[in-house]
Protein chains: 4
Amino acid sequence: MSPRRRDTEGTAAARAERRAELLAAAAEVFASQGYAATTIRQVADAAGILGGSLYYHFDSKESMADEILSTFLNEMWASYERVLASGLDARETMEAIVVESFRSIERHRPAVVLYQNESKHLAAGERFRYLLDSHRRFEAMWTALLDRGVEEGAFRADLDRGLVYRFIRDTVWVAANWYQPAGRLSADDIAKQYLAMVLEGIQATRAT
Amino acid sequence: MSPRRRDTEGTAAARAERRAELLAAAAEVFASQGYAATTIRQVADAAGILGGSLYYHFDSKESMADEILSTFLNEMWASYERVLASGLDARETMEAIVVESFRSIERHRPAVVLYQNESKHLAAGERFRYLLDSHRRFEAMWTALLDRGVEEGAFRADLDRGLVYRFIRDTVWVAANWYQPAGRLSADDIAKQYLAMVLEGIQATRAT
Amino acid sequence: MSPRRRDTEGTAAARAERRAELLAAAAEVFASQGYAATTIRQVADAAGILGGSLYYHFDSKESMADEILSTFLNEMWASYERVLASGLDARETMEAIVVESFRSIERHRPAVVLYQNESKHLAAGERFRYLLDSHRRFEAMWTALLDRGVEEGAFRADLDRGLVYRFIRDTVWVAANWYQPAGRLSADDIAKQYLAMVLEGIQATRAT
Amino acid sequence: MSPRRRDTEGTAAARAERRAELLAAAAEVFASQGYAATTIRQVADAAGILGGSLYYHFDSKESMADEILSTFLNEMWASYERVLASGLDARETMEAIVVESFRSIERHRPAVVLYQNESKHLAAGERFRYLLDSHRRFEAMWTALLDRGVEEGAFRADLDRGLVYRFIRDTVWVAANWYQPAGRLSADDIAKQYLAMVLEGIQATRAT
DNA sequence: CATGAATGAGCTTTCATTCAT
DNA sequence: AATGAATGAAAGCTCATTCAT
């Protein structure tokens, strides 16, 4: 490995790091103001540079959103794949997936908010087709998981599967809107309580 | 009733009706494109008139959102008040409130989507302070209801109350994003399934 | 004179009267807000009707200004002609013209303000060419009068004639901006004081 | 002075100079077309840039007018203060103030025209309150000066003081409407003739 | 005569984007 | 890398004007 090569790597790494910083700032602003309502200047202000300077790093506002979302989704799917590959039964798989989801929110809260609030609108553009793909894949995963759970006798059979799917999907991700990393509950705490609610319900169990 | 009176009423009613039509069109577009991303021309196109003509009826884009949201919230709270005044126990009250919520979604789907997706951003403006008020009132109502349910022995006591509140709040309203009036399930069907999930959980009951 | 004829006259007179009322309202608003900054709705509000209704009486906003200005100028020139035809010497003529000018202001204050403030801008349009004509005629009249006064030994010969002309022209008309018909001084009072200043100056005469 | 400091100053100075250029162009157009009748595009055209570009330098059309007027008024009052502080008698003070006024017109003709024609309308807005303040201050200065002149035996006592004030105020400033820097007469020439007229009057002195 | 809904051109302003420095 | 001035398209909004009633 030549010194030249090393320099280039160093530079490339530095550049990647700067991009990550800027994207973090952008994600925060996009999440709190909404993507369309956020101006490039607001992003730049949050990053401590001027508007024009962002274009040295990124092609466009859209490409920032793109990179924020795809980074998050890639990581999320990687964690899901790990769970799905570990041979757990349906009930255990569901628990693990939910735990991973709340951990995703913990690590990528602004990206998740962006995903939750804007993916429907962004998905219209060609470059965001992967959002639809991810959506379909998500639905397929959960649908299969719920079916398997019913087969395995873990989940009730008398509920509308589509409804249960939407119910779980929405409640998990919508939590990103109020989750505060510094708050009282950790992501794992929330996951545990959430699973308790979803699996056992909130009504008091009849005294047996 | 004099003819004069009749005329005046007719004109006022006609005007109110036209406003309602235009607001329905606006709500639809705001809901599907997002408020900030929607142009006044898109609203006007949806209403079949020209952009400038909307300003004969409304002061601004913002005042359209205002009227859409306040109309919806007023009606929603009226229905909640009816439930709360009818002397039901906590469990019954919860069921009735959930049913009313899904009926609200059925009648005002675009307004609910707007509320769900944009109220956080809009609430920054002075004129939308009532959104925060409504939010607080909503939280107070549910918190009191959940506490009463625990006291009455209807709801489990081992769950985090704040978490349960958010869980219920989000899952009810987020449904507006996918609800289709013409779909397979009626609002009351969805409410019933939703209550089954939330109250009893989705896991299969232990072998009897 | 047939009854028919009488009716028509009555109608025409009524129409003319209505026009005059509306023009008076328009002139007032044009004068206080400025022509360009005045909306047709403001004029209509001042007249107690709706914006669209003005177009039954007038072709356009411009034609209102046109009629206001030409009515005023016609009357003003008629009064000037009367003075000029009465065989007075230069000094007497000047006094009479100034008196007539302040009386014009008294009768047509808003029109004079409009003339003073907007004629320069309006004169760009073809239909307002008469404003330029009036302006030239005004200049010719005063220039001739001042020259005659010098010849007759009534006016000083050591002043720049062009400057004196502008001085007189401006000070007379600019008074319309502050003149209040209900004020302390009548038009004739003002004319008298004004003439004293212009003719004799404001400095105390050296003790003789 | 460090190079760093120099750079900063250079940049700030360059920016101020650009603003001044753009304001000069704006003032010219405002003065010739009228403020309300001038479009931002006309200003931009006069400055050789595009309409949107003006907003890099200024917040709004209004803020351009604001800066034009306040710059002019500040300079004018500074020159007046210099005169008032120099211990002249009333007659000399008046002469000096008039001279300074015509010099103000010479240096800021478009600003003076704007002031003359639009300040009444603009003063309605909160941000232009200083126009009213300046107006009151102007009146107080002249009123006091005229009174002092009467006391000192320099000015006639038989004229209405309010009228004399308006007479002088208007005739001085209205000159901005026709003054041409490249014309036959310099500002000081005009001031001299103006003072001759106002002080001594235009009538021929009776041969003694 | 007057209304009131609608038109459509044009306005001020915003903002993503470019580019010479 | 970053600046900052400029671009230019498009936004929200205004308003003179029209016209069926």
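Quick note: the coordinates plus some simple rules give every number you see, no bench work behind them. What you are looking at is a predicted structure, and each value in this text was computed from that prediction instead of being measured. Heads up, the Cβs are rebuilt from the backbone with ideal geometry, glycines too, and the neighbour counts pull from every protein chain shown.
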field: Nearest 10 degrees, 0 to 90: helix C:187-200 Cα axis against chain C principal axis
entry: 30 degrees
message: If R₀ is 35 angstrom, what is the calculated FRET efficiency for the pair C:Ser86 and D:Ser32, using the beta carbon separation as r and rounding to 0.05?
response: 0.30
query: Relative contact order, percent, of chain D when contacts are C-alpha pairs under 8 Å separated by at least 6 residues?
result: 22 percent
message: I'd like the trypsin sites (Lys or Arg not before Pro) in the stretch A:148-187 restricted to DSSP loop residues with at most 12 other Cβ atoms within 10 Å, sorted by number.
response: A:Arg184
- prompt: Can you give the average number of partner chain beta-carbon atoms within 10 Å of each beta-carbon in peptide D:117-124, as a whole number?
  reply: 3
query: How many angstrom separate the Cα center of the stretch B:149-208 from the Cα center of the stretch C:135-175?
result: 92 Å
task: Give the angle, between 0 and 90 degrees and rounded to the nearest 10, that separates the Cα long axis of helix D:3-33 from the longest principal axis of the Cα atoms of chain D.
output: 60 degrees
message: So if I restrict to the alpha-carbon atoms in the protein assembly as shown, what is the Rg, and what is Dmax, the biggest pairwise distance, in Å?
response: 39.4, 135
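Over the whole of A:166-174, what's the average partner chain Cβ count within 10 Å per residue? Rounded to a whole number, please.
Averaged over the peptide's residues, the number is 5.
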- line: Gyration tensor (Cα only) of chain B to equivalent ellipsoid, semi-axes in Å sorted down, yields 37, 19, 17
message: Using a 7 Å offset from the Cα along the Cα-to-Cβ direction at both B:Arg137 and D:Asp147, what is the distance between the two label points in nm, to one decimal?
response: 6.1 nm
field: Candidate lysines for bridging to A:Lys120, where Cα separation is under 20 Å - those fewer than 8 sequence places away on the same chain excluded
entry: A:Lys61, B:Lys120
query: Within 10 Å of each Cβ of A:191-201, how many other protein chain Cβ atoms are there on average?
result: 6
query: So for the stretch B:64-129, what are the equivalent ellipsoid semi-axes in whole Å, largest first, each being the square root of 5 times an eigenvalue of the Cα gyration tensor?
result: 25, 12, 10
message: Considering only C-alpha atoms, what is the centroid distance from the stretch A:66-127 to the stretch B:37-75, in Å?
response: 36 Å
message: Using C-alpha positions alone, give me the convex hull volume of the stretch A:96-200 per residue in cubic angstrom.
response: 100 Å³
field: Inter-copy separations for D:Ala24, label at 7 Å along Cα-Cβ, nm, ascending
entry: 4.9, 5.0, 6.1
- line: If labels are modelled 7 Å from Cα along the Cβ direction, A:Tyr55 lies from its partners in the other copies at nm distances, smallest first, of 1.7, 3.0, 4.3
task: Can you list the distances in nanometres, one decimal and ascending, from the B:Arg41 label point to the identical position in each other copy, with the point 7 Å along Cα to Cβ?
output: 1.5, 2.3, 2.3
